[in-house]
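Below is one structure, written out as structure tokens, with a few remarks after it.
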Amino acid sequence: MKLNLQDFIFRGEALKLYRRFAKIAIKIQDESSRRETIEFIKPQFKSLKTSNDRRMDFTSLRSNIDYIEEMSRFSGLK
């Protein structure tokens with residue numbers, strides 16, 4: 001599969017966001033909450049591959065991760 005420059009840059013941004021999410025998720029101590037959070041976000045990442053409006057979906061995904069990060073800070077996770 002050949003990637004054009006925009007796809008290459010977008011893929012890098014998506015990977016960076018995924019790593020950020022992974023760092024947040026790993027800090028969730030309750031196993032069921034961690035699984036639930038991962039299962040909530042995972043399909044959103046997968047849908048980026050086939051999305052017609054990837055930028056809009058990416059923005060929505062980023063705001064969901066921002067919200068999860070904020071909630072984890074309020075719950076005492078660093």
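Read the figures in this text as sums done on the coordinates, not as results from a lab. Computed from a predicted model, the values in this text were never measured in an experiment. When we count neighbours, we look across all protein chains shown, and the Cβ atoms used for this are built from the backbone with ideal geometry, even at glycine.
Name the single residue that is farthest from ARG55 (Cα to Cα) among those in segment 14-26 being of a type in the set (D, E, K, R) and surrounded by fewer than 13 Cβ atoms within 10 Å (Cβ to Cβ). Per the criteria, the residue is LYS23. Considering (1) over 18 Å from SER63 (Cβ atoms); (2) in contact (Cβ under 8 Å) with a residue 40 or more places away in the chain, the lone condition that ILE26 does not fulfil carries the number (2). The residues of segment 30-50 that are in a loop (DSSP other than H, G, I, E, B) and without any contact (Cβ under 8 Å) to a residue 24 or more places away in the chain, listed by number, are ASP30, LYS49, THR50. Quick check on my filter: what residues within segment 15-29 are assigned to a helix (DSSP H, G or I) and touching a helix residue (DSSP H, G or I) at 6+ places or on another chain (Cβ under 7 Å)? Scanning segment 15-29 gives LEU17, TYR18, ARG20, PHE21, ILE24, ALA25. So, in segment 27-78, of the ones that are aliphatic (A, V, I, L, M) and over 13 Å from the mean Cα position of the chain (by Cα), which residue ends up farthest from PHE10 (Cα to Cα)? For segment 27-78, the residue satisfying everything is LEU77.
Among the residues making up segment 51-78, those that are loosely packed, with under 15 Cβ neighbours inside 10 Å, small (Gly, Ala, Ser) and part of a helix (DSSP H, G or I) are SER60, SER63. Among the numbered criteria (1) assigned to a helix (DSSP H, G or I); (2) among the aliphatic types (A, V, I, L, M); (3) loosely packed, with under 13 Cβ neighbours inside 10 Å, which single criterion is violated by LEU3? Failing condition for LEU3: (1).
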